[in-house]
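Enquirer: I have a structure I would like to understand better, so I am pasting it below and will then ask my questions one at a time.
The values are calculated or read from the model by the stated rules, or taken from the named source; none is laboratory data. In this text the structure is predicted, and so the values were computed from the model without any measurement. Cβ placement follows ideal geometry from the backbone for every residue including glycine, while neighbour counts extend to all protein chains displayed.
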Amino acid sequence: MSSDKDVMRIIGKRIKELRIENGFTSYENFAFEHDLSARYYWGVENGRNISIKYLLKLLDIFSIDIKVFFLSLEIK
């Protein structure tokens, strides 16, 4: 079973993939365009622990359902 840190890294990696899939090669440009703190967002992509509220905000930006998001993760 994955540790909490491993799970957060997997979530961050998937969020980064979604950003890139949505045409944003720069996390800074993505954060700026969506009125997010670039520093905090960078931390999220790199495994920082985030609140459900922040995750829901990101999923809304990406237009992805939370259930679909978690089903797309490869957590062991």
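Condition check ((1) closer than 21 Å to L73 by Cβ; (2) more than 9 Å from the chain's Cα centre (by Cα); (3) crowded, with 16+ Cβ neighbours inside 10 Å; (4) among the acidic types (D, E)) across all residues:
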position	(1), (2), (3), (4)
N22	yes, yes, no, no
F30	yes, yes, yes, no
D35	no, yes, no, yes
Y41	yes, no, yes, no
E45	yes, no, yes, yes
S63	yes, yes, no, no
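Enquirer: Pick from segment 35-76 the residues that are β-branched (V, I, T) and outside any helix (DSSP H, G or I): which of them is modelled with the lowest pLDDT?
Expert: Just the residues of segment 35-76 that are β-branched (V, I, T), to begin with: 44, 50, 52, 61, 64, 66, 68, 75.
Subsequent filtering for residues that are outside any helix (DSSP H, G or I) retains 50, 64, 75.
Details: I50: 94, I64: 96, I75: 72.
Here the residue is I75.
Yes or no, residue by residue, for (1) aromatic (F, W, Y); (2) free of Cβ contacts under 8 Å to residues at least 40 places away in the same chain:
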site	(1), (2)
S2	no, no
I10	no, no
E17	no, yes
D35	no, yes
E45	no, yes
K57	no, yes
F69	yes, no
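Enquirer: Looking at I52, I75, which is the one that is in contact with a Ser or Thr (Cβ under 9 Å, 6 or more places away or on another chain) and either under 16 Å from R9 (Cα atoms) or touching a residue at least 12 places away in the same chain (Cβ under 8 Å) (or both)?
Expert: Criteria check complete, one pass: I75.
Enquirer: Can you pull out every residue in segment 50-61 that is of a type outside the set (A, V, I, L, M), surrounded by 12 or more Cβ atoms within 10 Å (Cβ to Cβ) and within 20 Å of D6 (Cα to Cα)?
Expert: Of everything in segment 50-61, just one residue is of a type outside the set (A, V, I, L, M), surrounded by 12 or more Cβ atoms within 10 Å (Cβ to Cβ) and within 20 Å of D6 (Cα to Cα), namely Y54.
Enquirer: Can you name the residue in segment 10-34 that is among the polar types (S, T, N, Q) and outside any helix (DSSP H, G or I) and is also nearest to I64 (Cα to Cα) among such residues?
Expert: From segment 10-34, those among the polar types (S, T, N, Q) are 22, 25-26, 29; that's our starting set.
Pick out the ones that are also outside any helix (DSSP H, G or I) and you get 22, 25-26.
Values: N22: 12, T25: 19, S26: 20 Å.
In this case the residue turns out to be N22.
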